[in-house]
Amino acid sequence: MTTRRIMVPGLPNVRDLGGLRGPGGGYLRRGLLVRGPAPSPQTAPALGGLGIRTVVDLRLEEERRQYRGPERTGATVLSRPVAGDMSRIRGNVRPRPSDYLANYRDMLTRAAPVAAEIVDLLADGAEVPVYICCAMGKDRTGVVSALVLRALGVRTADVARDYALTARAYRALRSTDARPNWTREDTLAQLRLRTSTPAATMRSLIAGIEAEHGSVARMLTLHGLREETRLRAVVGVFTHSVHL
């Protein structure tokens with residue numbers, strides 16, 4: 001999975017979700033769905049150079065005012081603010097996985113409609129690649145990406161392993177590497193603590209959704225996703241070619 005990482009200077013956690021296995025043994029096609037941190041005005045041109053056509057920006061308006069980078073990619077920007085309960089995380093030097101899980105569960109009602117909209121975009125196919133981002137490409141991006149992937153039929157284990165790659169990307173940073181402006185006040189050690197992404201956290205989130213709703217796809221239908229749209233997306237985004 002590490003080969004899916006896309007090297008963009010100053011954005012250490014960008015990766016193509018293509019290559020993940022879907023229903024019937026197919027692979028999610030590359031160049032459709034990319035995730036990562038929100039670009040700054042300085043890093044936006046390089047991200048735009050990937051051919052991104054739609055940016056789904058999950059940051060709150062106050063965050064967007066600070067860094068208007070997505071607008072400089074040349075892509076259509078969809079502002080879709082998502083937030084959860086940060087009370088157990090904010091100001092905590094070493095949040096526990098259970099603290100993040102509580103945050104993720106709290107953001108589901110805001111994340112689900114966004115995930116449903118992204119599946120719509122994939123089904124239509126006219127405005128891809130889609131880039132999903134938040135401040136660090138970790139929590140909100142992780143949850144929305146997971147909902148989309150699971151709704152498309154990607155196995156929970158693969159969704160969770162993809163989530164875990166965020167920690168690997170930030171652990172790989174060196175002191176001389178360019179990184180997002182909003183992380184520069186942290187030491188590398190502090191940043192690595194803030195970007196821990198154990199796969200078990202995402203597995204627990206998905207298990208809870210499926211215990212309550214039967215499936216992630218069924219939950220998304222409660223937030224605007226039509227089953228025929230989902231099935232059209234599945235047909236369009238998976239390939240059996242090993243070359244992707």
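The values are calculated or read from the model by the stated rules, or taken from the named source; none is laboratory data. Since we're looking at a predicted model, the values are computed, not measured. So basically every Cβ, Gly included, is an ideal-geometry build from the backbone, and we count neighbours across all protein chains shown. In case anyone asks, the SASA skips ligands and DNA or RNA and just uses the protein heavy atoms, side chains included. Shrake-Rupley method; radii C 1.70, N 1.55, O 1.52, S 1.80 Å.
Quick look at the values:
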{"read-out": "Qualifying residue in segment 36-51 (condition: among the β-branched types (Val, Ile, Thr) and touching a helix residue (DSSP H, G or I) at 6+ places or on another chain (Cβ under 7 Å))", "value": "yes"}
{"read-out": "Meets criteria (open to solvent by less than 20 Å² (accessible area, probe 1.4 Å), basic (Lys, Arg) and at pLDDT 95 or above) for ARG105", "value": "no"}
{"read-out": "Lone qualifier among VAL144, VAL128 - being modelled with pLDDT of 95 or more and not in a helix (DSSP H, G or I)", "value": "VAL128"}
{"read-out": "Only one of ILE6, ILE52 that is crowded, with 19+ Cβ neighbours inside 10 Å, within 26 Å of ASP177 (Cα to Cα), touching a residue at least 40 places away in the same chain (Cβ under 8 Å) and β-branched (Val, Ile, Thr)", "value": "ILE52"}
{"read-out": "PRO45, sole failed condition from (1) in contact with a Ser or Thr (Cβ under 9 Å, 6 or more places away or on another chain); (2) surrounded by fewer than 22 Cβ atoms within 10 Å (Cβ to Cβ); (3) part of a loop (DSSP other than H, G, I, E, B)", "value": "(3)"}
